[in-house]
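> Below: one structure in structure tokens.
Every read-out reported here was derived from the displayed coordinates using simple, explicitly stated rules and does not represent laboratory data. Predicted, not measured: the structure shown is a model, and the values here were computed from it. Quick reminder, even Gly has a Cβ in these numbers, built from the backbone with ideal geometry, and neighbours come from all protein chains shown.
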Amino acid sequence: MKNEIRRPLEGVVVLEFSQFLAGPVAGLRLSDLGARVIKIEKPEVGDLCRYIYLSDTNLSGDNSLFHAINRNKESFVADLKNPSDLERIKNLIAKVDIITQNFRPGVIERIGLDYENAKKINPKIVYGSITGYGDKGPWKNLPGQDLLAQSRSGLVWLNGNGDGAPTPMGLAAADMFAGHFLVQGLVAAMFKVLKTGEGSHVQTSLMEAMLDFQFEVLTTYLNNGRKKPKRSNYNNAHAYLAAPYGIYKTSDGYISISMTPVPKLGELLQLESIQQYTDQATWFTKRDEIKKLIGDLIVTNTTQNWLDILEPAGVWCSEVLEWDQMIEHEGFKVIDMLQRIKRFDGLDIETLRCPIRFNNEVYKSEIAAPLIGQHTEQISKEFSL
């Protein structure tokens, strides 16, 4: 009989004072890796993400996003403005390993649960904070919302075509990256506790996450005379990469073509008009012209026709799949990314698993996001609150 998988963070207890996305994403990943995550929610109201945010898809009274990022967590209700509830939370802090919070700067201090106060209760506490823009400077009190962080970071000028408007990524990149970066810091801080017995305050922000996400292109910008990125006007896919890099329409779909010598591509496609571009510098200076010539040919035949020509020659290329096509593809199925999560009240939904494997084992959990306060009584008894 196969032994039950023991996850690396089993035994670690996390208090999550977070809502919406960045903080709960961090808690989700800690939970996936074996930690016990106790979500602190307002009585009756709970995490606002239960009601607003991603879509109008409602699952057993809560938004689909709430279920996606809060699976396998416990819910403990407490009014942090109530002295009695606050005292119970402080007693809980003394018995846990990690705290995460994503309040605006100053809020958690007014409550009295900031790092300085938490470490007086528990000197070994690993305390994680996510803000929009850090805790100082002119942006510190601005709303820490994903689209706004993307906009202030300059990222939106890398997407879309050069003759179009600045374009954000079509998902909450700042929130997700900030949450993942926080987990990296928390795990490192836990290792420090094991080595030294000392806790730490781990901090990041949506802005820092977006800047680090752009480290490759920002490093280029900082060292090339600070020339602004120039998006291609035709099939832009990367402001700093030359032709043929981009996605091209075919007669029945799309094909992506990555970094390839233009003359070589011209020979394979039997496109004489681009074989003349033997000077590599022209692949950038004439980028739009070259890509337009390629596009005019690619659209005349099917995606598979071009794949059959390019792939055997070692050209980096791919079909462009929509979600329904991807999910039905054997390449997706073999990764085994889907899982079902369930709750006692009949909730049964499909979502994704943790993307990290240990010793080739995938980590799944059937436990769905909790009801508001579902575990309050149980936790109160267990921790003698």
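> Determine the percent antiparallel among the DSSP beta bridges restricted to region 324-385, to the nearest 5.
Details: 7 of 8 bridges.
Taking every DSSP beta bridge with both residues in region 324-385, the antiparallel ones total about 90 percent.
> Next question. Once the Cβ-Cβ distance between residue 350 and residue 48 is put in as r, and R0 is 22 Å, what FRET efficiency do you end up with, to the nearest 0.05? Please report the intermediate quantities before stating the final value.
Details: r = 24 Å, r/R0 = 1.11.
Result of the calculation: an efficiency of 0.35.
> Pop out the Kirkwood hydrodynamic radius of the chain from its pairwise C-alpha distances, inverse of mean 1/r, in Å to one decimal. Numbers along the way, then the final one.
On the way: mean 1/r = 0.0420 Å⁻¹.
Every distinct Cα pair counted, the radius reaches 23.8 Å.
> Per-residue ellipticity at 222 nm for the chain, helices alone: DSSP H runs ≥ 4 residues times -39500 (n - 2.57), over residue total, nearest 500 deg cm²/dmol? Spell out each step's value before the answer.
Details: 17 runs with 142 residues, N = 385.
When only DSSP H runs of four or more count, the value is -10000 deg cm²/dmol.
> Moving on. Can you list residues whose amide H is under 5 Å from residue 39's amide H, if they're 5+ apart or on another chain and H is modeled 1.01 Å from N?
16, 74, 75, 76
> Can you run phi through the Karplus equation (6.51, -1.76, 1.60; θ = phi - 60°) for region 285-302 and list ³J(HN,Hα) in whole Hz, with x for Gly and Pro?
Computed from phi, the couplings for region 285-302 are 5, 10, 3, 5, 4, 5, 5, 5, 5, 5, x, 5, 7, 4, 5, 7, 9, 7 Hz.
> Given R₀ = 56 Å, what would the calculated FRET efficiency be for residue 252 paired with residue 194, taking r from the Cβ atoms and rounding to 0.05?
Values: r = 56 Å, r/R0 = 1.00.
Approximately 0.50, to the nearest 0.05.
> Sticking with this one: Taking the simple approach of a point 7 Å from Cα along Cα-to-Cβ for both residue 121 and residue 308, what is their distance in nm?
Output for this residue pair reads 6.7 nm.
> Using a Förster distance of 22 angstrom, determine the FRET efficiency expected from the C-beta separation of residue 145 and residue 219, and round it to 0.05.
Result of the calculation: an efficiency of 0.25.
> Quick one: among 276, 101, 304, which has the greatest mean-square fluctuation in a GNM of the chain with alpha-carbon springs under 10 angstrom?
Between 276, 101, 304, it is 276 that shows the largest mean-square fluctuation.
> Sort all Cα-Cα distances of region 171-250 into consecutive 5 angstrom bins from zero, then give the percent of pairs in each bin up to the one containing the longest distance.
3, 13, 14, 13, 15, 13, 10, 7, 5, 4, 2, 0
> How big is the antiparallel share of DSSP beta bridges in the chain, given as a percent to the nearest 5?
Numbers: 16 of 39 bridges.
Taking every DSSP beta bridge within the chain, about 40 percent pair in antiparallel fashion.
> Pick from 76, 332, 103: which residue has the top mean-square fluctuation in a GNM of the chain where Cα pairs under 10 Å get a spring?
332
> Further question: Compute the orientation-averaged projected area for region 246-328 from the convex hull of its Cα atoms and round it to one decimal in nm².
Numbers: hull surface 21.8 nm².
Its average projected convex-hull area is 5.5 nm².
> Right, here's the next one. Give the long-range amide H neighbours of residue 362: residues separated by 5 or more places, or on another chain, with amide H under 5 Å away, using H modelled in the peptide plane at 1.01 Å from N.
none
> Which ³J(HN,Hα) values, rounded to whole Hz and listed in residue order, are derived for region 86-95 from phi using the Karplus coefficients 6.51, -1.76 and 1.60 in 6.51 cos²θ - 1.76 cosθ + 1.60 with θ = phi - 60°, glycine and proline given as x?
4, 5, 5, 5, 5, 5, 5, 4, 5, 10
> If you look at just the Cα atoms of region 264-385, how large are its Rg and its Dmax in Å?
25.6, 79
> Could you derive backbone 3J(HN,Hα) for region 228-242 from the dihedral phi with the Karplus parameters 6.51, -1.76 and 1.60 (θ = phi - 60°), listing whole Hz in sequence and x where the residue is Gly or Pro?
For region 228-242, the Karplus curve yields 5, x, 10, 6, 5, 7, 10, 6, 4, 10, 7, 4, 9, 10, 7 Hz.
> If exposed trypsin sites (Lys or Arg not before Pro) are those in a DSSP loop with at most 12 other Cβ within 10 Å, what is the longest stretch of the chain that has none?
Numbers: sites that count: 2, 6, 81, 136, 226, 227.
Counting at most 12 other Cβ atoms within 10 Å as exposed, the longest clean stretch of the chain is 228-385.
> In percent, what relative contact order does the chain have, based on Cα pairs under 8 Å that are 6 or more apart in sequence? Could the numbers behind the result be given before it?
Values: 677 pairs, mean separation 64.1, N = 385.
Here the relative contact order equals 17 percent.
> Same structure again: What distance in nm lies between label points placed 7 Å from Cα along the C-beta direction at residue 259 and residue 60?
So the two model labels end up 4.7 nm from each other.
> Structure shown: which of 81/136; 228/292; 95/120 lie over 21 Å apart, alpha-carbon to alpha-carbon? Spell out each step's value before the answer.
On the way: 81/136 25 Å; 228/292 23 Å; 95/120 13 Å.
Long pairs (Cα-Cα over 21 Å): 81/136; 228/292.
> List the GluC sites (Glu not before Pro) within region 1-110 that DSSP assigns to loop and that have no more than 10 neighbouring Cβ atoms inside 10 Å.
On the way: sites: 4, 10, 16, 41, 44, 74, 87, 109; in loops: 4, 10, 44.
When the GluC sites (Glu not before Pro) of region 1-110 are filtered for loop state and at most 10 Cβ neighbours within 10 Å, 4, 44 remain.
> Amide H to amide H under 5 Å from residue 203: which residues, 5+ apart in sequence or cross-chain, H placed 1.01 Å off N in plane?
129
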